[in-house]
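Heads up, the thing below is written out as structure tokens.
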Amino acid sequence: MIVEEYFRGARAAYAHPAGCQRQLRDWIDRVRTGPRLGDPQRVLVVGSGGGLGLAARVASAFGRGSATVGVSPERPGAANRPGTAGWYRCLAFERAAAEAGLASATLVGDGFADTVKQAAADLVAERLGQLDLLVYSVAAPRRHDPRTGRLHASAIKAIGEPVTGLDYDLAADAVVRRTMPVAGEEEIADTVKVMGGEDFAWWVAALRERGLLATGVRCLTLSYVGVPQLAATYRGGTLGRAKQDLEDRTRALDAELRAAGLGSAEVAVPRALVTQASTAIPLNTLYTMLLLQVLAECSVAEDVLDQGVRLVAGSPAPLDPEGRRRLDGQEQRPDVQAEIWRRWQLVADGPAGRLTPAVERYRRLVRQLYGFGVDGVDYRAEVDPAEHCDRLVPAC
């Protein structure tokens with residue numbers, strides 16, 4: 001079939017199989033031609049279908065020669081319907097790993113489920129033996145708690161009072177003023193349940209109980225800090241409450257692992273990036289667009305893959321006073337921030353046409369999340385959306 005591009009705002013109706021796979025191959029080529037990132041490791045990535053999880057897995061396998069297992073809740077394609085973008089990226093990853101002779105498998109399933117944790121532990125025991133690195137990169141709208149049977153849905157809202165500000169509406173192609181409503185106590189608790197640190201702790205516990213954490217293991221998860229001007233939309237809102245829970249639980253895990261002589265648990269803080277998860281955050285699109293444009297003009301822009309490389313490199317990024325591994329130095333540069341907010345004020349006071357280069361850059365990155373706009377792909381050609389390989393393992 002021919003897969004046509006159709007978007008509703010920042011969400012595509014379908015992913016393009018060839019585009020997703022070509023982009024993943026391009027990532028692999030970039031890592032292979034870069035410097036060696038360190039000695040091989042045994043790596044498990046929970047949330048390996050896209051974003052920083054996928055970038056960390058690519059960097060580990062093709063920059064260090066690591067054996068990897070990935071976990072991702074993907075939907076495979078069928079004869080008449082494409083699967084998720086993550087399905088085709090995992091497919092391309094597994095094919096490239098097989099060609100390179102790397103031990104690898106992807107478990108397709110919901111990482112929140114206890115059955116998936118045990119299936120992943122089985123794969124680690126079978127394919128890797130033990131783990132030197134666990135990367136937990138999960139961003140989901142809802143979570144089914146297997147121990148209570150309850151479904152929790154996250155709500156990206158403000159806490160205390162509504163927040164009104166400027167944003168960019170991709171569907172309308174215009175700067176708009178939006179208001180983020182206030183979350184109720186149950187919505188706050190549900191967001192912490194979905195996006196907080198409980199599931200990360202459960203993963204570490206499940207692997208530790210099976211004796212799968214090697215001495216010196218690093219258990220990494222991801223948070224975000226952002227900037228004071230948007231604090232009410234993130235760190236001061238429901239997402240920030242969840243990330244604080246994640247950071248607090250990770251510090252407790254770190255103390256437990258160190259006391260047991262096993263290893264460490266760390267929070268890494270990337271800069272604002274364009275991922276499927278980030279495009280769902282209200283009142284952040286305009287800021288991310290301006291950040292991308294300013295960094296590009298400064299010739300210091302790191303994309304998702306660059307940040308994934310730094311996440312798993314042998315010489316990791318520095319720690320801040322809260323013990324978080326900071327990858328957002330470019331975003332936090334005073335000159336970069338000053339220029340972003342200078343342009344923000346110009347947009348607020350003038351025509352949206354000033355944003356044209358930033359909009360084009362951002363829109364291209366959004367399209368590429370679903371395999372569109374990737375160089376070297378013939379989008380008029382027919383593709384087989386039902387592609388599969390035996391290294392993508394269904395959880396049940």
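General observations
- Among residues of segment 9-59, those that are in contact with a strand residue (DSSP E or B) (Cβ under 9 Å, 6 or more places away or on another chain) and of a type in the set (S, T, N, Q), counted: 2
- Test: residue in segment 291-299 that is assigned to a loop (DSSP other than H, G, I, E, B), out of contact with any strand residue (DSSP E or B) (no Cβ under 9 Å at 6 or more places or on another chain) and either surrounded by fewer than 23 Cβ atoms within 10 Å (Cβ to Cβ) or among the charged types (D, E, K, R) (or both): yes
- Matching residues, segment 254-271, being exposed (fewer than 12 other Cβ atoms within 10 Å of the Cβ) and either part of a loop (DSSP other than H, G, I, E, B) or touching a helix residue (DSSP H, G or I) at 6+ places or on another chain (Cβ under 9 Å) (or both): Ala260, Gly261
- When Val336, Val377, Val359 are checked against the criterion of being of a type outside the set (Lys, Arg), farther than 23 Å from Arg271 by Cβ, in contact with a helix residue (DSSP H, G or I) (Cβ under 9 Å, 6 or more places away or on another chain) and at pLDDT 90 or above, Val377 stands alone in meeting it.
- Residue among Arg89, Arg95 that is under 19 Å from the mean Cα position of the chain (by Cα) and either assigned to a strand (DSSP E or B) or under 18 Å from Arg391 (Cα atoms) (or both): Arg89
- Conditions (1) touching a residue at least 12 places away in the same chain (Cβ under 8 Å); (2) in contact with a strand residue (DSSP E or B) (Cβ under 7 Å, 6 or more places away or on another chain); (3) surrounded by fewer than 21 Cβ atoms within 10 Å (Cβ to Cβ); (4) not acidic (Asp, Glu): number failed by Leu283: (3)
- Residues of segment 176-199 satisfying the condition of being surrounded by fewer than 20 Cβ atoms within 10 Å (Cβ to Cβ) and not in a helix (DSSP H, G or I): Val176, Arg177, Arg178, Thr179, Pro181, Val182, Gly184
So that you can scan it fast, the table gives a plain yes or no per residue for (1) among the charged types (D, E, K, R); (2) crowded, with 24+ Cβ neighbours inside 10 Å; (3) modelled with pLDDT of 95 or more:
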{"residue": "Arg64", "(1), (2), (3)": "yes, no, yes"}
{"residue": "Ala67", "(1), (2), (3)": "no, no, yes"}
{"residue": "Val71", "(1), (2), (3)": "no, yes, yes"}
{"residue": "Pro76", "(1), (2), (3)": "no, no, no"}
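- Scanning segment 115-150 for residues that are in a helix (DSSP H, G or I), loosely packed, with under 15 Cβ neighbours inside 10 Å and in contact with a helix residue (DSSP H, G or I) (Cβ under 8 Å, 6 or more places away or on another chain) returns a single hit, Gln118.
- Residue check, Thr164 touching an Asp or Glu at 6+ places or on another chain (Cβ under 9 Å), among the β-branched types (Val, Ile, Thr) and assigned to a strand (DSSP E or B): no
- Qualifying positions in segment 1-23 - under 23 Å from Thr288 (Cα atoms) and not in a loop (DSSP other than H, G, I, E, B): Phe7, Arg8, Arg11, Ala12, Cys20, Gln23
The values are calculated or read from the model by the stated rules, or taken from the named source; none is laboratory data. Quick caveat: nothing in here was measured; it's all calculated off a predicted structure. Quick reminder, even Gly has a Cβ in these numbers, built from the backbone with ideal geometry, and neighbours come from all protein chains shown.
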